[in-house]
1. Within the chain, considering only strands (runs of 3 or more DSSP E) that don't extend past its boundaries, which have at least 2 residues that are of a type in the set (D, E, K, R) and exposed (fewer than 15 other Cβ atoms within 10 Å of the Cβ)?
2. Select from the range 65-81 the residues that are aliphatic (A, V, I, L, M) and under 11 Å from the mean Cα position of the chain (by Cα) and write down the one among them that is nearest to ASN22 (Cα to Cα).
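Where a number appears in this text, it was derived from the coordinates with a stated rule and is not lab data. Just so you know, these numbers come straight off a predicted model, no measurement behind them. Virtual Cβ from ideal backbone geometry, glycine too; neighbours counted across all protein chains shown.
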Amino acid sequence: MTKWEYCAISGIEYVVSGFRTNYPHLHQFTPSGITETQIKGQGGETNVVAATIAQMGNDGWELVGVGRERADLGDVLYFKRSKL
């Protein structure tokens, strides 16, 4: 049976020109709880989030869902991959 690991990126809002960010965070879900890390770096939050999503794809993460966190905080992108 395949075992999965899960994570999410919060603070994403889709707009006509792509997306914008609102304090984006990466949340990793583990048996011991949730680890939360703010996504930041050089090149502006939007570019850093885009690069993070691209790297996650390279690392085997698959987008499995999108949900609304709160109207003022934006969407949450949910990912999974098989445990390594």
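1. It comes to 62-70.
2. Among those residues, the one meeting the criterion is VAL76.
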